[in-house]
Amino acid sequence: LGYKWQGIDVSPKSNRVVQMDFNYLNYPDECFDVVFCCHSLEHSENPSKTLREFWRVLRPNGVLFLATPNCVKRQILEEDEDHISVVNEWQMERLLRYTMFKKIYITLESYDGLEDFQWSLITVAKK
């Protein structure tokens, strides 16, 4: 497809992923067309700061894709003590507005075979 990508993680396990804190991205302003954050934002002590950092590195009209746990399911919070910033749909909308993103959509997703249990809050927003 011609796209270049760079993964970041606090504990990388691949040579294509660099160690970095997503609250302090070591990239210039407006350098990415897309930020894809899959089941990581809930580990942020300050999700507003994290989203502002994503805003900073996105180009104008850049797109943010987020997947986070569905906080309505209590066991998600109990299973992982590192989930410190789990939000519901209206809280995610508020976070997006606060950090100047324009919501495209927010929806709940389930996994095959577990349709009655919606695990993930999927969010797409635009700068």
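The values are calculated or read from the model by the stated rules, or taken from the named source; none is laboratory data. All values reported here derive from a predicted model rather than from experimental measurement. All Cβ positions, glycine included, derive from the backbone under ideal geometry; neighbour counts span all protein chains shown.
Looking only at segment 108-127, count how many residues are at pLDDT below 80, hydrophobic (A, V, I, L, M, F, W, C) and within 18 Å of E89 (Cβ to Cβ). Step through it out loud before you land on a result.
First, the residues of segment 108-127 that are at pLDDT below 80: 109-119.
Still in the running and hydrophobic (A, V, I, L, M, F, W, C): 114, 117, 119.
Checking which are within 18 Å of E89 (Cβ to Cβ) leaves us with 117, 119.
Residues flagged as at pLDDT below 80, hydrophobic (A, V, I, L, M, F, W, C) and within 18 Å of E89 (Cβ to Cβ) within segment 108-127 amount to 2.
This table checks each residue for (1) of a type outside the set (A, V, I, L, M, F, W, C); (2) at pLDDT 80 or above; (3) surrounded by 13 or more Cβ atoms within 10 Å (Cβ to Cβ).
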{"position": "E53", "(1), (2), (3)": "yes, yes, yes"}
{"position": "V57", "(1), (2), (3)": "no, yes, yes"}
{"position": "R74", "(1), (2), (3)": "yes, no, no"}
{"position": "E79", "(1), (2), (3)": "yes, no, no"}
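Taking the condition of being small (G, A, S) and within 18 Å of K103 (Cα to Cα), how many residues in segment 42-61 meet it? Before you say what the answer is, go through the steps one by one.
Going through segment 42-61, the residues small (G, A, S) turn out to be 44, 48.
Cutting the leftovers down to within 18 Å of K103 (Cα to Cα) gives us 48.
Result for segment 42-61: 1.
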